[in-house]
There are 2 protein chains.
Amino acid sequence: MPRVFYPEPLSEGELLTLEGGWGHHFARVLRVHPGEEIPIVAAGVPRSTVVTAVDPARGRVEVHVGAALPRRDPRAAIYVVQGLPKGDKMETIIQKCTEIGAAGIQVAACERSVARLSQERARGKLERWQRIAEEAASQAQRDMVPPVEYSPDWPAVEAWLRRISPHTILVCDEAETAVSLQDVVATNASRDGARWVVAIGPEGGWTEEERERWRTVGAVPISLGSRILRTETAGLVALSALLYALGDLAHSSAAKGNMT
Amino acid sequence: MPRVFYPEPLSEGELLTLEGGWGHHFARVLRVHPGEEIPIVAAGVPRSTVVTAVDPARGRVEVHVGAALPRRDPRAAIYVVQGLPKGDKMETIIQKCTEIGAAGIQVAACERSVARLSQERARGKLERWQRIAEEAASQAQRDMVPPVEYSPDWPAVEAWLRRISPHTILVCDEAETAVSLQDVVATNASRDGARWVVAIGPEGGWTEEERERWRTVGAVPISLGSRILRTETAGLVALSALLYALGDLAHSSAAKGNMT
């Protein structure tokens, strides 16, 4: 059953009516019945709910709100910066990174990005990307929808970095052959609740100027191995490996300290 | 520059003429010039070669074969068993798993696989899948093209398992909540040159009967974490995490014992 993201907090025992898109989806597409469970993340808190009434004609489902559920999201917040790639690759990247567990996705126009987005087109894209993230988060049973943002230039990336204030910034770079993800994790992994940024260049990779900019914000260039990964693959690999390294690819009921 | 996979061994100093598909690709699509380097994997040995002559009209390129190059493939052989998914998802899975570093891909018709392939259709699919693997291996600078095979039933999977004789078989299973990849790696990672199998079910997951079959061949069910991964994502995540765990997401010149 997909998870509903609901903006306001809910309390155990409350009755809630799902209308609009979600109501339609449960009443008419999934055709739920009274007694079935629908998980709802209410203002960040995942809760079980039980269907009490279904009105397919009006696309409405009434649920009885139950207890809070264990959290499923990774303890570490890993943000992905993705250099704007060609075509609709960004959609796949957002879907997969959300599913795997990214805390947020920053799409960055880079010097070697072939595509250029006007302000208006960027707005349209962002709406679509955010919808893809919400759908993927719902399917994957995430506790939150990772925000998708767009940086048209480097100052916008810098402003975003100041805002999220990451402990470690990793820049995946084919030119780097000495430092691996292991090396960085070995010296940085102990911090609980750490915020990481993993940056991936567009198809043509980073320019020297971009490398220098990343250096000025304290980023560590890393290698992901000897094979050449496509831009749409590198982020998924880095995210998976880092979540594994931080113990976040284990089931939460088996992981220590994740049952809050 | 993409890597050419050449079936026969080559020696340093030899002259080789690339014709057919590769000749066309280098002479007419990439338009190489004398002096440019083309990496060629000859009977499993990656070598640098230098273009000596180009004949665009006939789609031919002559190269001078140089020294052997350092190997780029993971030391651990990780095979992926993928329950046949819907639509053309299998193509993306083959492309991505090849790129990341799979040693081979076994597509298995499972009880919950929606698609069914007749023998003839399977032959056609396999040809296409193998071509996708070769292209991805070439782009990713792999040392080999992972063989893609198809098992129409469980006895075929079993026969394949006997043939590759893996040290460890991991079955990714949403129903498993106790054992993680970490737990398995902790007890199995020391064996160098180990052969691993990572099995992923189709969209509907494994049936109880399939779980039982995996148990009979000594497979370990593992969790990939609390989020629900789509079938086309689980393999990439498991492969990335396992390669990381085994030290194979570091550049080969930095990894110990990889320069053979």
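Computed quantities for the displayed model
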item: At q = 0.17, 0.20, 0.21, 0.22 Å⁻¹, base-10 log of I(q)/I(0) for the stretch B:1-128 (Debye sum, equal scatterers on each alpha carbon); result: -0.94, -1.06, -1.11, -1.16
item: Relative contact order (%) - chain A, alpha-carbon pairs under 8 angstrom, separation at least six; result: 20 percent
item: Within the stretch A:4-57, percent of DSSP bridges classed antiparallel, to nearest 5; result: 65 percent
item: Label 7 Å beyond Cα on the Cβ vector: residue B:155 copy-to-copy distances, nm; result: 7.1
item: Globularity index of the stretch B:72-210, i.e. its alpha-carbon radius of gyration over 2.2 N^0.38 Å; result: 1.04
item: Whole-Å semi-axes of the ellipsoid equivalent to the stretch B:41-114 (Cα gyration tensor, √5λ, descending); result: 36, 19, 8
item: Cα gyration tensor shape for the stretch A:42-82, rounded if a/c is under 1.5, else prolate or oblate; result: oblate
item: 7 Å along Cα→Cβ, label-point gaps from residue B:116 to other copies, nm, shortest first; result: 5.5
item: Degrees, to the nearest 10: B:231-245 long Cα axis against longest axis of chain B; result: 70 degrees
item: Label-point gap, in nm, between residue A:144 and residue A:37 - each point 7 angstrom along Cα→Cβ; result: 2.4 nm
item: 0 to 90° range, to nearest 10: angle between helix B:89-100 axis and chain B longest Cα axis; result: 60 degrees
item: Sequence of A:144, B:90, B:1 once ranked by neighbouring C-beta atoms within 10 Å, starting from the fewest; result: B:1, A:144, B:90
item: Computed [θ] at 222 nm, helices only, for the protein assembly as shown once each DSSP H run of length n ≥ 4 contributes -39500 (n - 2.57); result: -9500 deg cm²/dmol
item: Bridge type composition, chain A - antiparallel percent by DSSP, nearest 5; result: 40 percent
item: For the stretch B:4-68, alpha-carbon Rg relative to the globular expectation (2.2 N^0.38 Å, N residues); result: 0.99
item: Residues B:207, B:49 arranged by fewest to most Cβ contacts within 10 Å; result: B:207, B:49
item: Magnitude of the charge dipole, the protein assembly as shown, Cβ model with Lys/Arg +1 and Asp/Glu -1, debye to 20; result: 160 debye
item: Cβ-placed point charges (K, R +1; D, E -1), dipole of the stretch B:4-68 about Cα centre in debye, nearest 20; result: 240 debye
item: Label point distance in nm, residue A:30-residue A:178, each placed 7 Å from Cα along Cα→Cβ; result: 5.2 nm
item: For chain A, with +1 on Lys and Arg beta carbons and -1 on Asp and Glu, the positive-most of A:179, A:83, A:38 along the dipole; result: A:38
item: Rounded to 5, percent antiparallel among DSSP beta bridges of the protein assembly as shown; result: 40 percent
item: Pseudo-label separations to other copies for residue A:88 - Cα-to-Cβ vector, 7 Å, nm; result: 1.1
item: Percent of Cα pairs exceeding the 34 Å cut-off, where the set is the protein assembly as shown; result: 42 percent
item: Rg followed by Dmax, in Å, when the stretch A:104-174 is reduced to its Cα trace; result: 13.6, 36
item: Size-normalised alpha-carbon gyration radius of the stretch A:139-232, reference 2.2 N^0.38 Å; result: 1.15
item: Residues A:81, A:220 arranged by fewest to most Cβ contacts within 10 Å; result: A:220, A:81
item: log10 of Debye I(q)/I(0), alpha-carbon scatterers only, for chain A at 0.14, 0.16, 0.17 Å⁻¹; result: -0.97, -1.16, -1.25
item: Rotation relating B and A, chain A residue nearest the axis via C-beta, angstrom; result: A:240, 2
item: Check: chain A dipole with +1 on Lys, Arg Cβ and -1 on Asp, Glu Cβ, in debye; result: 160 debye
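Quick note: the coordinates plus some simple rules give every number you see, no bench work behind them. Values in this document were obtained by computation on a predicted structure and should not be read as measured data. Note: ideal-geometry Cβ built from the backbone for every residue, glycine included; neighbour counts use all protein chains shown.
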